[in-house]
Amino acid sequence: MAKLSVIGTGYLGLTHAACMASLGHEVIALDVDTAKIQLISAGTVPFHEPGLPALVAHAIASRRLTFTTSWDDVAEQADIHFLCVGTPQSAYSEAADLSQVRGAIQSLAPLLTRPSLVVGKSTVPVGTAQWIADTLVAESPAGVDSHLVWNPEFLREGFAVEDTLHPDRIVLGVSHESDIDTLKDVYASPLGEGTPLIVSDYPTAELVKVAANAFLATKISFINAFADLCDATGANITTLADAIGYDTRIGRRFLNAGIGFGGGCLPKDIRALQARAAELGVAEQFDFLRAADDINLSRRTKVVELVKASLGGSLEGARVTVLGISFKPDSDDIRDSPALSIAAELSGNGAHVTVHDPEALHGVQARYPDLATAETVNAAVTDADIVLHLTEWKEYRTLNPAELKSLVKNPIIIDGRNVLDLDTWSNAGWTVSYLGKPGS
């Protein structure tokens, strides 16, 4: 088995490190955040991801996974280094902030004294891989024996362990064919299950992830645009999506109308792609992504306006309950969460907003002190003038509307995910509104 390092212990890095250790590799994971390393070394996963805490604990107990803050440890103990640092949106533009990538490579390269392989997994603008490859050759003592492979990640929050251990494809951007066999050994288990292997150059491998995310973002915004048309005409967006989804060229997945996409990937990735396209002189070809982004953000305003209309035109003093603030279920990620954005906007317009979420309440009041939090659904909805269902956690889909009706002031609910059963809720005395389809 290989001796690997994983640079960065965020969502991508920690998941990758634990999964590689579970496949039998020896893994040393590095982060410059000492407090985080101490926390994880004690077996605590600092974010919610189903199945990951047990995997980390088992990997630590088996001694196949260790942690460090020392670049010397990483260079000494491993010959294959997975780059898993963050590439958030820049604070000054829509471009990706590559400071963590540059910092990691500039810290690691001078310590590579023997033949080594760096494997990039972070999502970066096309062209970044070549800069990394050139930097490794120029700044590492091993020179031309320091190689780079670009191996993009395709993790879905809530399914990250499954997606790492059993990926639907493995993409390798290479400049040295010998590195293909090295990565085949690392990924022997999923490849043995029949996972497709795609080998390409650096630019193609870099573009695969952002192209996939751009397509998915466009598909979501497409159906949400039609949801507005359905609202204007009395049509039903769910039936429409079902009907066009039977066309195998289209497919049904990602055609669920609602409050739109968020999280740490799709929004920043499509914006970074537009910024990079502009740098490369092909900005106009990606104007559709600007439209997709605008449609996506408009969903949040639409919900706020729907709440206002449902309350007679004013939010001032209204008691609003928001069920779900993570950007998707089975995650505690509130980065660019449409649900949290809606809650904050309602509060900013004079409403008294109480939020509930099974996993994402921590840290909310530090960022949004005007939002009240509730540990239970019953506490959250008590005396509410209106309830918003904004993240489709399973526990919300199985709520008892008759029981909740006895707690609220007004039995009005807006289903921002279009998944609550109309008959069940309306028969229990609720007025139900959806996005793009008739309610009660």
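The values are calculated or read from the model by the stated rules, or taken from the named source; none is laboratory data. As the structure is a prediction and not an experimental result, all values here were calculated from the model. When we count neighbours, we look across all protein chains shown, and the Cβ atoms used for this are built from the backbone with ideal geometry, even at glycine. For the accessible areas, the whole protein counts, side chains as well, though only heavy atoms, and no ligand, DNA or RNA atoms are used. Shrake-Rupley method; radii C 1.70, N 1.55, O 1.52, S 1.80 Å.
Quick look at the numbers
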{"item": "Test set (1) in contact (Cβ under 8 Å) with a residue 40 or more places away in the chain; (2) closer than 23 Å to Asp330 by Cβ - Ile40 fails condition number", "result": "(1)"}
{"item": "Inter-residue pairs, beta-carbon under 6 Å, first on the phi < 0 side of the Ramachandran plot and in the range 96-109, second part of a helix (DSSP H, G or I) and crowded, with 19+ Cβ neighbours inside 10 Å, 6+ apart", "result": "Ala96/Ala272; Ile105/Ile132; Ala109/Leu136"}
{"item": "Scope the range 289-325; condition under 27 Å from Lys394 (Cα atoms) and either in contact with a Pro (Cβ under 8 Å, 6 or more places away or on another chain) or of a type in the set (Val, Ile, Thr) (or both); matching residues", "result": "Ile295, Asn296, Arg299, Arg300, Thr301, Val303, Val304, Val307, Val320, Thr321, Val322, Ile325"}
{"item": "Test: residue in the range 256-279 that is over 24 Å from the mean Cα position of the chain (by Cα) and either aliphatic (A, V, I, L, M) or farther than 30 Å from Thr128 by Cβ (or both)", "result": "yes"}
{"item": "Unique residue being in contact with a Lys or Arg (Cβ under 9 Å, 6 or more places away or on another chain), open to solvent by 20 Å² or more (accessible area, probe 1.4 Å) and at pLDDT 95 or above when the list is Ile250, Ile259", "result": "Ile250"}
{"item": "Residue in the range 414-424 that is nearest to the chain's Cα centre (by Cα), counting only those that are outside any loop (DSSP other than H, G, I, E, B) and surrounded by 23 or more Cβ atoms within 10 Å (Cβ to Cβ)", "result": "Asp415"}
{"item": "Among residues of the range 241-269, those that are closer than 19 Å to Ile295 by Cβ, in contact (Cβ under 8 Å) with a residue 60 or more places away in the chain and not acidic (Asp, Glu), counted", "result": "11"}
{"item": "Meets criteria (farther than 26 Å from Arg335 by Cα and crowded, with 19+ Cβ neighbours inside 10 Å) for Val432", "result": "yes"}
{"item": "Criterion: under 22 Å from Leu420 (Cβ atoms), open to solvent by less than 40 Å² (accessible area, probe 1.4 Å) and either part of a helix (DSSP H, G or I) or in contact with a Ser or Thr (Cβ under 6 Å, 6 or more places away or on another chain) (or both) - qualifying residue of Ala214, Ala243, Ala227", "result": "Ala227"}
{"item": "Qualifying residue in the range 63-82 (condition: under 20 Å from the mean Cα position of the chain (by Cα), closer than 24 Å to Val171 by Cβ and either of a type in the set (Asp, Glu) or surrounded by 15 or more Cβ atoms within 10 Å (Cβ to Cβ) (or both))", "result": "yes"}
{"item": "Subset tally (residues that are among the β-branched types (Val, Ile, Thr) and without any contact (Cβ under 8 Å) to a residue 60 or more places away in the chain) for the range 288-342", "result": "3"}
